[in-house]
Amino acid sequence: MNIAIIAGELSGDLIGAGVARELTRLAPDIALWGMGAEAMRSAGVEIAIDSAAFSAIGIVDALTKGPAFLATVARAIPKLRVALRDRRPDAVVLIDFGYANIRIARYAKQLGLKVLYYFPPGSWRRKGKVGADLKEVADVVAVPFEWSFARYRDAGVNAVYVGHPILERVVPAMTRSAFAAAFGMDPSLPIIGLLPGSRKREVEQLMPVMLNSAALIHRRVPEAQFVVAVAPSISAEMMEGYLSGHAELRGRLNEIWHEFAHEAESKVLRPITRSAGKLAPSRTPALATPTGVVLPPEALREAAEKRYRRAVATEEKSPPPTVLAKGLTYDVMAHSDVLLVCSGTSTLEATVFATPMVVMYRVSRAREIEYHLRGIRRKVKFIGLPNIAAERMVVPELLQDDASPERIAEHAVAMLNDIETRQRIRTDLRAVRAMLGTPGASERTAALVLELAGRQPGG
């Protein structure tokens, strides 16, 4: 028996790995293959197509995926079709990634294969269409949220509520006392966790801002201690560079200015005359974003100068003593009193611990201008997953210029000093945590896969 698991992005790779481990436990002789990345490979899945290049950066970038991204995905689809036709798996497990997986689901059904769709596209939404066409391309749809289960059922989809697998992996390795002792901190004093992201671009955008925020927080709460959660994908040397003093920071500011002064030659922008001309035929296109939106050079220069002035103005706020914790993200989440966190899966992981947080996100100036031109804020009410799940502002979230050291520090200090604010946020986060169901989502999903493939667990 062989099972195909097809995931496209980082979160899908983690989810697929959880299902793979449970499939192997329930049916030790099973063969697993598909599309994924390191997490699925580590879980014993034969990776036919590596999806590492598919990961979008946050909700904003997900809504503005460029031609290069789409072309990369498009090239993977024929390869998957050939693999499905030649290997004819007993069941196909599709995880999120609707752009490709809906197409793969249709093809798999044409081949007469059994299809289980886990985390169907938009399953986190409470309103709007839910993809009624899933009932024609998927035999079973496993959903992580109870509200989406009801909506898919109402649309005639064979949906099963399994809960969210995040509850299985978000577990700290140490107690607060042991964690504090490991990094020379006092467990009785406030601990502020900094989570700048798991991608180099995210860290470059957020780490200086977070450190300036830490300096402001430290002025108002002198006993505060700071720890940075260094993701496995980020080198400790890179993070140490941010903590090495004013000279290093000043050098990075000069690099930022140099980048914007030569924006036309950078990787962020490039001439796309044909695409830009179609979007704005009345103008002579000079520069365009990777998705073809025209950006006047004057606007870029003004934005660059504004960013540089703001960065220089905050340079003198040197960071307080700060420690780096590599590969201990869940301990940082669990044992911090307040988190400064990059928008993404980390916000939902931190919700499991009900740790108060300030959510933030920054993209390049090119992306920011595109963000406004496309009216993305009208499409996305919230960017923080706890707020999306609750449909209201449970924790503060700050985008672009709003994610300034002053505003970040203001929210963080309020959480530290105001007991009522901190307790309200914790209560709200626990309510969101309850929406994720109970642990065991991967096992429940694996059992559904084996049942669909016609095999009983252990058989």
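The magnitude of the dipole of the stretch 1-55, with charges of +1 and -1 set on the Cβ of Lys/Arg and Asp/Glu and taken from the Cα centre, is near 120 debye. The radius of gyration of the Cα set in the stretch 97-179, together with its Dmax, comes out at 16.1, 57 angstrom.
Could you sort out which of Lys79/Lys129; Lys326/Lys381; Lys109/Lys135; Lys79/Lys109; Lys79/Lys200; Lys127/Lys200 sit more than 23 Å apart by Cα distance in this structure?
Beyond 23 Å between Cα atoms: Lys79/Lys129; Lys326/Lys381; Lys79/Lys200; Lys127/Lys200.
Between Ala178 and Ala31, full extension at 0.36 nm per residue minus the direct alpha carbon distance yields a gain of 48.9 nm.
Need one word for the stretch 104-236: rounded, prolate or oblate. Basis is the Cα gyration tensor (sqrt eigenvalues a ≥ b ≥ c); a/c below 1.5 gives rounded, then a/b vs b/c decides. Prolate, because a/c is 1.5 or more and a/b exceeds b/c.
Panel order for Tyr152, Tyr107, by other beta carbons found within 10 Å of each beta carbon, from fewest to most: Tyr107, Tyr152. Taking the fewest neighbouring Cβ atoms within 10 Å as the starting point, the ordered list for Val92, Val157 is Val157, Val92.
Read-outs: derived from the displayed coordinates by stated rules, not from any lab. Given the structure is predicted, the values throughout are model-derived calculations rather than measurements. Using ideal geometry, Cβ is built from the backbone for each residue, glycine included, and neighbour counts are taken over all protein chains shown.
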